[in-house]
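Let me begin by presenting the structure, written as structure tokens, before commenting on it.
Readers should treat all values here as calculations from the given coordinates under stated rules, not as data from a laboratory. Model, not experiment: these values are computed from the prediction. For neighbour counting, all protein chains shown are included, and Cβ atoms are generated from backbone atoms with ideal geometry for every residue, glycine included.
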Ligand code: DAH
């Protein structure tokens, strides 16, 4: 083969290599121009594919070694232009992504109201219980609590209600089948006993809590409800102290204009015993269904602690005297808020409960 022919052949071969390179680059350019990125993940994928350490730009650059010396300049220029093009396309794409995310921020309407967080409200029984507690706390009473599952002694016997005493029938009791001595307390008077047994005198307590009775549920009766028991034991406590304490309570609870009366009554654990009525809040004493046309509603039982009860708790009844009282919280709440049906308190109807918003 003559020399001229060889040179022509080599020239054609190198030209072919250059052509291939140019064709490759043109293809990549088209591919790049068509690439779309929506998210920053797409953008990163683009960067890795074209500009990464194992990316296309790097790999095409490595083809420089196959280019003949006299073509290297032109090829270098070509590859460099390609690299700049890819880099500037990457910049454009990344600017598009960040302006897109800025745009979505601008679309937030700051004038829209926030999500409403529904506020809870206190249960009316809870509101009134807290109010009762705070009134008595101002008179120096402190809060004492006891168990809802009681034994016969604390609920009955120590309160001067021995077995077979007819007064036990005043309260229909839930007994606990596993142990005939156990029951659900029928009143908070059991807490009196527990506190007196501790032997720390003088004693001035109020005992709020839930009590249970085997009653048919109706608008006026329930198988569980709440009471607050009060007890004051010291030397020379008199019935006058009891009346004064309860007058104060009633005026604080229902206002100055309320009228009060005491009626003699009977409780085995107090002697003498009384029940206290207040003038009807609904008809202001004129007579209505709530007060059964009498103008008065009974709100609590009270009396001087029976000496036997003091002795049952190891307290010297010659030295100490005391008064006690007990009231139903539901009754006070119904009068205060004019609620006509006791069942509303335990039905958890939000429409009822939302009406009580006191912060107390
Ligand atoms: N324990 C009584 C009841 O549940 C209420 C009561 C009346 C409590 C007179 C007392 C009291 O402390 O002295 O019906």
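Taking the 0 to 90 degree range and rounding to the nearest ten, how far is the long axis of helix 3-34 tilted relative to the main principal axis of the chain, both from C-alpha atoms? Value to nearest ten degrees: 20. Rounded to 0.05, the FRET efficiency of the residue 198 and residue 221 pair, given R0 = 30 Å and the Cβ-Cβ distance, is 0.35. Placing a label point 7 Å from the Cα of residue 355 along the Cα-to-Cβ line, the residues of region 203-227 whose backbone N sits under 17 Å from it are 219-220. For the pair residue 137 and residue 214 in one chain, pulling the backbone fully straight at 0.36 nm per residue adds 24.5 nm over the alpha carbon distance.
Most simply put, region 124-359 has about 95% antiparallel DSSP beta bridges, counting only bridges with both residues inside it.
On a 0 to 90° scale, report how tilted helix 72-106 is relative to the longest principal axis of the chain, with both axes built from alpha carbons and the result rounded to the nearest 10. Computed tilt is about 20 degrees.
Take the Cα of residue 34, go 7 Å toward its beta carbon, and the backbone nitrogen atoms of region 49-75 under 18 Å from that spot belong to 49-50, 56.
Order of 226-232, 243-249 by packing, highest average Cβ count within 10 Å first?
In decreasing order of mean packing, 226-232, 243-249 become 226-232, 243-249.
Ordering of 261-271, 297-307 by packing is 297-307, 261-271, highest average first (other Cβ atoms within 10 Å, averaged per residue). The Rg/Rh ratio for region 19-142, using Cα coordinates for both the radius of gyration and the Kirkwood hydrodynamic radius, is 1.65.
The ranking of 153, 296 from fewest to most other beta carbons within 10 Å of each one's beta carbon is 153, 296.
Report the FRET efficiency, 1/(1 + (r/R0)^6), for residue 240 and residue 157, where r is their Cβ-Cβ distance and R0 is 30 Å, rounded to 0.05. It comes out at approximately 0.50. Once Rg and the Kirkwood radius are both taken over the C-alpha atoms of the chain, their ratio Rg/Rh works out to 1.61. If the chain linking residue 336 and residue 176 were pulled fully straight, counting 0.36 nm for each residue of separation and taking away their Cα-Cα distance, it would gain 54.1 nm. Length gained on full extension, residue 84 to residue 108, computed as 0.36 nm times the residue gap minus the Cα-Cα distance: 4.9 nm.
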